[in-house]
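Derivation of every value follows stated rules applied to the coordinates shown; laboratory data play no part. Since this is a predicted model, take the numbers as computed values, not measurements. Cβ atoms come from the backbone with ideal geometry, glycine included; neighbour counts cover every protein chain shown.
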């Protein structure tokens with residue numbers, strides 16, 4: 001019996017929708033994340049929140065800062081701390097590539113999406129630059145136009 005393709009086994013947990021609105025994404029990478037057991041159980045319950053989170057380069061390692069994983073509902077006194085920084089697992093070459101661009105050119109690294117891939121929790125991170133206010137207005141306008149055209153097509157049917 002063969003296993004399904006990797007794309008079919010990908011189940012999205014959380015998406016950072018604000019990142020797509022506030023930043024222009026240039027490059028993406030998939031990273032593992034170092035978690036404790038109660039964090040994994042809490043994420044399976046839907047307790048992951050990317051609000052105001054970012055990725056920081058410290059000592060040659062990437063750290064996910066500001067990501068909140070709520071306490072596990074059936075946890076005990078040894079439950080995890082919600083707001084702790086979590087280490088991202090990437091190859092040294094990938095860390096050097098992303099970290100170098102982030103420090104040189106003034107980009108930032110933001111988490112875009114968290115998902116299960118073959119039973120493991122992965123985080124998609126992106127090299128991003130902040131949008132200006134006129135770019136944000138333009139993207140809002142484009143979304144409105146797309147929504148109106150979808151509505152018009154639906155009404156014609």
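For the reader, a short list of remarks on this structure follows.
- Distance between the modelled labels on residue 24 and residue 144, one decimal in nanometres: 2.2 nm (7 Å Cα→Cβ projection).
- In plain terms, the chain from residue 103 to residue 156 could stretch by 14.0 nm, reckoned as 0.36 nm per residue minus the Cα-Cα distance.
- Angle between the chain longest axis and helix 92-105 axis [Cα atoms, degrees, rounded to 10]: 50 degrees
- Residue order, fewest to most surrounding Cβ atoms within 10 angstrom, among 26, 50: 26, 50
- You can think of it this way: the chain between residue 13 and residue 51 has 12.3 nm of extra reach, that is 0.36 nm per residue less the Cα-Cα gap.
- Grouping the Cα pair distances of the chain into 5 Å bins from zero gives a pair-distance distribution of 1, 8, 15, 17, 16, 14, 12, 8, 5, 2, 1, 0 percent in increasing distance order.
- Helix 133-156 axis, angle to the chain major axis (alpha carbon atoms, nearest 10°): 70 degrees
- Length released on extending from residue 134 to residue 89, taking residue separation times 0.36 nm less the Cα-Cα span: 12.6 nm
- Within a Gaussian network of the chain (alpha carbon springs, distance under 10 Å), most fluctuating of 30, 124, 146: 146
- Candidates 49, 79, 16: whichever shows maximal mean-square fluctuation once the chain is modelled as a Gaussian network with Cα springs under 10 Å: 79
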